[in-house]
1. Tell me the residue from 168, 146, 178 that is among the β-branched types (Val, Ile, Thr) and farther than 26 Å from residue 49 by Cα, please.
2. Is it the case that residue 280 is buried (at least 20 other Cβ atoms within 10 Å of the Cβ), modelled with pLDDT of 95 or more and either part of a helix (DSSP H, G or I) or hydrophobic (A, V, I, L, M, F, W, C) (or both)?
3. In the range 51-66, what residues are surrounded by 24 or more Cβ atoms within 10 Å (Cβ to Cβ) and either among the β-branched types (Val, Ile, Thr) or at pLDDT below 95 (or both)?
4. For the range 201-214, how many residues are under 20 Å from residue 115 (Cβ atoms) and surrounded by fewer than 19 Cβ atoms within 10 Å (Cβ to Cβ)?
5. Going by what's in this entry, would residue 171 be described as out of contact with any Gly (no Cβ under 9 Å at 6 or more places or on another chain) and surrounded by fewer than 17 Cβ atoms within 10 Å (Cβ to Cβ)?
6. Return only the number of the condition from (1) within 22 Å of residue 150 (Cα to Cα); (2) under 11 Å from the mean Cα position of the chain (by Cα); (3) modelled with pLDDT under 95 that residue 90 does not satisfy.
Amino acid sequence: MSDPTMIHSRFDPARHGALIALVVILAFNLIVTPNFFQAQTLFVNISQMATIAIVAMGMTLVIATGGIDLSVGAVMALAGALAPLIFLSDFAQANPGLGLAASIVVPVLVALFCGVFNGMLVSCFGVQPIVATLILFISGRGLAQVLTNGNLQTFSNPAFSYLGTGRVLGLPFQGWLVLAIAVVLTWVVTRSIFGRQLLAVGGNERAARMSGLPVRRVKIGAYVICSGLAGLAGLIVVAINSASDAARIGNLMELDAIAAAVVGGTLLQGGRAPIFGAILGAVIIQLVKYTLLANGIADEVALIAKAAIIIAAVYLQQGWKE
């Protein structure tokens, strides 16, 4: 007779449930969705999934500390608004190389500063994460729209566009970028002192403080990484479209990122940061959106579907802990 504790240790619904969901979605599309397994469909889904995955990996670190970040979409919009403003400036036109570098580096630096702002509100001033990041959720997108006067900004530069349209070994550049970020963050979480401290803070913050761990610094670090990745994702969206719309870039990305992180096995209570799980969650979220769209189902239904996915993932986590 099998030992139930052995089954319990081998099967984790928060992780393996996501794999089962992925298989079900793929099987459904194989039967129902025309041209689903064509190369062009693969490229589209990788491109769309990449931004979700990049932000979800950052969100995973924040949730692992017991926090949440509702500002990632606004940070994407802010970075996306700054890039064309810098690129189209007189300085950039007179110095194309420096202008291109500045249009990438400056928005990411601003995004990192947004992470410092969020992290300090949470860790230094004791503001609840949902409230602290709600501040930037509102003001960040507003600032992006002020900077652009609410106008669509279009520009074209092959080097910048490579972020969104480039190919490496026949696959979208963003896919390789996701893989590189995942490898680095997995090493950070599993091998670095910061990663161990991050999981300790999320697992039991009080015990971490009593042990002398730099709780404030760890939390700020998690929010900085999350915002920096959100800024990078904003640049990718701009590069794909060769245009920036502050009202649309990153819209509802916080929902996608949280959903992907939770579906991938990140516990909302903190203490766990499965980076590749976040990518798996992003794949599922993107495929759900694509499947509904490809079969003529309204986009609003996708929002309901994502909410249902989050509820199911949280239910599995709670039930499994019991």
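1. 146
2. Judged against the criteria, residue 280 is not a match.
3. Those that are surrounded by 24 or more Cβ atoms within 10 Å (Cβ to Cβ) and either among the β-branched types (Val, Ile, Thr) or at pLDDT below 95 (or both): 51, 52, 54, 55, 60, 62, 63, 65.
4. 3
5. yes
6. Result: residue 90 fails condition (2) only.
Residue-by-condition table, conditions (1) closer than 23 Å to residue 279 by Cα; (2) among the hydroxyl-bearing types (Ser, Thr, Tyr); (3) surrounded by fewer than 12 Cβ atoms within 10 Å (Cβ to Cβ):
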{"residue": "160", "(1), (2), (3)": "no, no, no"}
{"residue": "167", "(1), (2), (3)": "yes, no, no"}
{"residue": "181", "(1), (2), (3)": "yes, no, no"}
{"residue": "186", "(1), (2), (3)": "yes, yes, no"}
{"residue": "190", "(1), (2), (3)": "yes, yes, no"}
{"residue": "199", "(1), (2), (3)": "yes, no, no"}
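Yes or no, residue by residue, for (1) closer than 20 Å to residue 249 by Cα; (2) in contact (Cβ under 8 Å) with a residue 12 or more places away in the chain:
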| residue | (1), (2) |
| --- | --- |
| 55 | yes, yes |
| 61 | no, yes |
| 76 | yes, yes |
| 91 | no, no |
| 99 | no, yes |
| 105 | yes, no |
| 111 | yes, yes |
| 119 | no, yes |
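The values are calculated or read from the model by the stated rules, or taken from the named source; none is laboratory data. This structure is a prediction, so every number in the text was calculated from the model and none was measured. FYI the Cβ positions are ideal-geometry reconstructions off the backbone, even for glycines, and counts take in every protein chain you see.
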